[in-house]
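One structure is given below, encoded as structure tokens.
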Amino acid sequence: MRVNLFGLGYVGCVSAACLANQGHVVTGVDVDSNKVKVLNKGKSPIVEPGLAEAIREAIRSGRLLATTNDLERLPEAEVSMVCVGTPGYSNGSLNLESVCKVAEQIGGYLRRQHTRHVVNVRSTLLPGTTEEVLIPILERSSGKRRSVDFGVCVNPEFLREGTSLRDFRKPPFTLIGELDEESGGRVAELYREVDAPVIRTRIRTAEAVKYVCNAFHALKVCFGNEIGNWCKRLGIDSHEVMEIFCTDTKLNLSAQYLKPGFAFGGSCLPKDLRALLYKAKQLDLELPVLAAVLPSNERQIREAFTLVERTGKKRVGVLGLSFKPATDDLRESPLVDLVEKLIGKGYQIRIYDREVSLTKLIGANRKYIEKTIPHISCLMKASAEEVIEQSDVLVVGNRCPELDGVLSRLDSGKVIVDMVRIPNLLRGPHERYCGICW
């Protein structure tokens, strides 16, 4: 394919060289004439292992050429790729000057084109920027219409400095946020030689994924460092600890616990986290990331309360009380905390949990409910139907197969606050359904 690539910085140079060496014909565009001269001589304007050789091969093959402002002479291409920087201001907002200027230039280019063109954005942009800022600029400057005369995709890069060529050729996935199916298909063709699954989604989702990935990477670094500092104070080899930690790909390094939803609870996570933080205090050690976990968890319980409060209804049915499904353990259950908050604010509460019944509970769980929350036990009902009948708002706290059919047949006056994302409820009327994180 023929590609015009705007921005010959780190991402642009790597993308241009790799695409050219995979058989595409790439014209790189940059305002810096020195970069253009260096690249046209077959050299790399940036330091990156293997990049100079990749650029030299691409220039020698005739599939890569750089230019400055000869936009009038840009060759006809199927795709314009945007790789300019979006530096951040001190308050966290982004400087969009360069990306907006490029959008204006591409719009002028589109005005002269007679075939459908796709604008593919590699620059890192906050969700909504492409649709609310860039596409209007493209339409205004080109006099053409999105999805009709031109397409738009967001195609974030996941390149690490020092390993960028390897990351381009074999990324974890190729992510394409598409304005329409035809545009996404054309961008997917660019990466036919790349060894990675292609994920096609909406533009805002693709924009968001880039930020989520980087936020998680930053979180992992700080988590590892805080554990390292804690271990060092205790005379423990932190690298051995984390090597063992990383061998668990069932829970630790996996998709487990990474689905947005309600707060955590139970007899282990809150207690053990508090104990770790207590030990850190004894060692005169600050662990700001780990110290923020419990307050963040409590914030999610307050979010659930706010969703119920916004309904303006006072009769609330809670379906599920234990800290997770298929257990009768109520210790530090966030659902118990939510019920406590609702009772304190004068809500009329009805509760059903198939696994929780005073007649069945024994041991620690029975003692907990009798001593700590006896006022809640008297609010429990024998069936989900009884709770549903006596409630105007239904809080779904645990996933239970028997509830799916019952909830899908609710009358129009009842509101569902869903903490677990039950699929068939997502298709219900918007005004009667609210998910806690979706």
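The values are calculated or read from the model by the stated rules, or taken from the named source; none is laboratory data. This is a predicted model, so every value here is computed, not measured. Counting neighbours? That spans all protein chains shown, and the Cβs are built from the backbone with ideal geometry, glycine included. Each accessible area value is taken on the protein alone, full model and side chains, heavy atoms only, with ligands, DNA and RNA left out. Shrake-Rupley method; radii C 1.70, N 1.55, O 1.52, S 1.80 Å.
A few points about this structure:
- Pairwise centroid distance, computed over Cα atoms, of the stretch 257-310 with the stretch 96-148, Å: 43
- Look at where the Cα atoms of the stretch 186-222 and of the stretch 379-417 average out, and the two centres are 38 Å apart.
- Ranked by the mean number of other Cβ atoms within 10 Å per residue, highest first, peptides 327-339, 123-135 order as 327-339, 123-135.
- On Cα atoms only, tilt of 181-190 relative to the major axis of the chain in degrees: 60
- 15 Å beta-carbon shell around residue 85, net charge (K/R +1, D/E -1): -1
- Solvent-accessible area per residue in the chain equals 52 Å², computed with a 1.4 angstrom probe and all protein chains kept.
- Nearby aspartates and glutamates by direct alpha-carbon distance to residue 259 (threshold 16 angstrom, same-chain neighbours under 8 apart not counted): 418
- The local environment of residue 23, defined by Cβ-Cβ distances under 14 Å, has a net charge of 0 under the rule Lys, Arg +1 and Asp, Glu -1.
- Averaged over residues, the count of other Cβ atoms within 10 Å places the peptides 390-396, 199-205 in the sequence 390-396, 199-205, highest first.
- The residues neighbouring residue 352, those whose beta-carbon lies less than 13 Å from its own, together hold a net charge of -3 under the Lys/Arg +1, Asp/Glu -1 convention.
- Correct choice for volume of the Cα convex hull per residue in Å³ that was computed from the model, options (i) 141; (ii) 152; (iii) 193: (iii)
- Compactness of the stretch 178-322 as Cα Rg over 2.2 N^0.38 Å, two decimals: 1.44
- GluC sites (Glu not before Pro) restricted to DSSP loop in the stretch 216-314 with at most 13 other C-beta within 10 Å: 286
- Principal-axis analysis of the Cα atoms of the chain puts helix 334-344 at an angle of about 60° to the longest axis.
- Accessible carbon and sulfur surface of the stretch 256-382 relative to its total accessible area, %, 1.4 Å: 53
- For the stretch 2-77, with all protein chains in place and a probe radius of 1.4 Å, 50% of the accessible heavy-atom surface sits on carbon or sulfur.
- Residue 262 exposes around 50 Å² of accessible area when a 1.4 Å probe is run over every protein chain in place.
- Checked against a 27 Å cut-off, the cross-linked pairs 313/341; 101/144; 144/210 give Cα-Cα distances beyond that limit for 144/210.
- Value of [θ]222 nm, deg cm²/dmol, for the chain, DSSP H segments ≥ 4, -39500 (n - 2.57) each, nearest 500: -13000 deg cm²/dmol
- Relative contact order computed over the chain (Cα-Cα under 8 Å; 6+ residues apart), in percent: 9
- Between 405, 12, 261, the Gaussian network model of the chain with springs among Cα atoms under 10 angstrom shows the greatest mean-square fluctuation at 405.
- Annotation for the stretch 62-162: trypsin sites (Lys or Arg not before Pro) lying in DSSP loop with at most 11 further Cβ atoms inside 10 Å of their Cβ are 145, 160.
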